[in-house]
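Student: Have a look at this one.
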Amino acid sequence: MSVENGLTVLSNLTSMEDLTVEELMALIKRASDFKNGKATFTAQRQIFTSNLFFENSTRTHNSFHIAERKMGLDVLEFNAHESSMSKGETLYDTVLTLCALGVEVCVIRSSEEHYYEKLVNSPNISCAIVNGGDGSGQHPSQSLLDLMTIYEEFGHFDGLKIAISGDLTHSRVARSNMVMLKKLGSELYFTGPAEWYNAEFDKYGKYVTLDSILPELDVHMLLRVQHERHRKDENFSKEIYHNTYGLTEERAKRLKSTAIIMHPAPVNRDVEIADSLVESRQSRIVTQMANGVYSRMAILEAVLSNRNF
């Protein structure tokens, strides 16, 4: 991995921990150039990509698809239920097959953490691997679009007070963002139920109550309560969670006028955040979604820059 002529060059992108600050900033600036019409990608030959999603997704899956189409790439449609994986074929053998057929980039989401390790360490997997999310592990493309959104707003990261709130233990978004925000000099806080916090977060920030930190925040980054991972918790109450840990209308009044509200979506309205705040003046949730396309264009260009296009 490196930065050449202002462009990040990657073999794969599986974790934000793999990126240097220089590589990250080059990706953010390239994504902004795509967004503002200052950059284009023109392939000199036919390039096939494939998006292999084994967990449901609206934003990540579709924004990768749109990014690929904007870049003139050919997208090989993949449906796990219609593939040989339904016959017992492994993910490794599926990717090995797609690479042999000529696919050059595989974007993959899997419930299995670190699924990508066997793929990127295999001498026989020739295509680039982009992690679209691995269980409760990492979500690098979501992190990039989040950081792009923050940078658009403030023009820097150093010294910004940022709270990541909610379902921390199960959140790949929290893990990806805390790694890079710490590198970039932001001051991090974690809030939410104590049972959804563990010691792995201690080296990145402080665990506090939301009410104690709200007036100081520059960014309030909310996390989705992952109901699918809490099915056994019969005592969970959406109303109690919202009133105790969520961004209610009353809490939002305590934010600085310059503070922004973020959420990776999908949003559980009136759980993590009051319905009225999702599209409010301080919300950047829709901006995050739009930035996802351009961030993913920058990622795709970076992994293709390691190839002859």
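The values are calculated or read from the model by the stated rules, or taken from the named source; none is laboratory data. As the structure is a computational prediction, the values presented were derived from the model and not from experiment. In this analysis, Cβ positions are derived from the backbone assuming ideal geometry, glycine residues included, and neighbour counts consider all displayed protein chains. Heavy atoms of the whole protein, side chains included, go into the accessibility calculation; ligands, DNA and RNA do not. Shrake-Rupley method; radii C 1.70, N 1.55, O 1.52, S 1.80 Å.
Student: Do we find that Leu144 is buried (at least 23 other Cβ atoms within 10 Å of the Cβ), in contact (Cβ under 8 Å) with a residue 40 or more places away in the chain and closer than 30 Å to Asp218 by Cα in this structure?
Tutor: On the way: buried (at least 23 other Cβ atoms within 10 Å of the Cβ): yes; in contact (Cβ under 8 Å) with a residue 40 or more places away in the chain: yes; closer than 30 Å to Asp218 by Cα: yes.
Judged against the criteria, Leu144 is a match.
Student: Given Lys29, Lys38, which one is in contact with a Gly (Cβ under 8 Å, 6 or more places away or on another chain) and not aromatic (Phe, Trp, Tyr)?
Tutor: Values: Lys38 fails: in contact with a Gly (Cβ under 8 Å, 6 or more places away or on another chain).
It is Lys29.
Student: I want to confirm something. Restricting to region 28-80 and keeping residues that are in contact (Cβ under 8 Å) with a residue 24 or more places away in the chain and among the hydroxyl-bearing types (Ser, Thr, Tyr), which single residue is nearest to Ser141 (Cα to Cα)?
Tutor: The residue in question is Thr60.
Student: Go through the residues of region 250-268 one by one and say whether even a single one is in contact with an Asp or Glu (Cβ under 7 Å, 6 or more places away or on another chain), open to solvent by less than 20 Å² (accessible area, probe 1.4 Å) and closer than 30 Å to Gln46 by Cβ.
Tutor: Looking for residues that are in contact with an Asp or Glu (Cβ under 7 Å, 6 or more places away or on another chain), open to solvent by less than 20 Å² (accessible area, probe 1.4 Å) and closer than 30 Å to Gln46 by Cβ, one finds none in region 250-268, hence no.
Student: As an exercise: evaluate His170 against (1) surrounded by fewer than 23 Cβ atoms within 10 Å (Cβ to Cβ); (2) more than 16 Å from the chain's Cα centre (by Cα) and give the number of the one condition it does not meet.
Tutor: All conditions pass for His170, except number (2).
Student: Considering only residues that are touching a residue at least 60 places away in the same chain (Cβ under 8 Å) and within 16 Å of Met16 (Cα to Cα), which ones fall in region 151-174?
Tutor: Listed by number, the list holds a single entry, Val173.
Student: A further question on this structure: Go through region 3-22 and count every residue that is open to solvent by less than 40 Å² (accessible area, probe 1.4 Å) and either outside any loop (DSSP other than H, G, I, E, B) or modelled with pLDDT under 90 (or both).
Tutor: Residues in region 3-22 being open to solvent by less than 40 Å² (accessible area, probe 1.4 Å) and either outside any loop (DSSP other than H, G, I, E, B) or modelled with pLDDT under 90 (or both): 4 in total.
Student: Same structure, new question: May I ask you to list the residues in region 27-76 that are among the small types (Gly, Ala, Ser), within 18 Å of the chain's Cα centre (by Cα) and at pLDDT 95 or above?
Tutor: Looking only at region 27-76, we keep the residues that are among the small types (Gly, Ala, Ser), and these are 31-32, 37, 39, 43, 50, 57, 63, 67, 72.
Add one more test, that the residue is within 18 Å of the chain's Cα centre (by Cα), and what stays is 31-32, 57, 63, 67.
Within region 27-76, Ala31, Ser32, Ser63, Ala67 meet the criteria.
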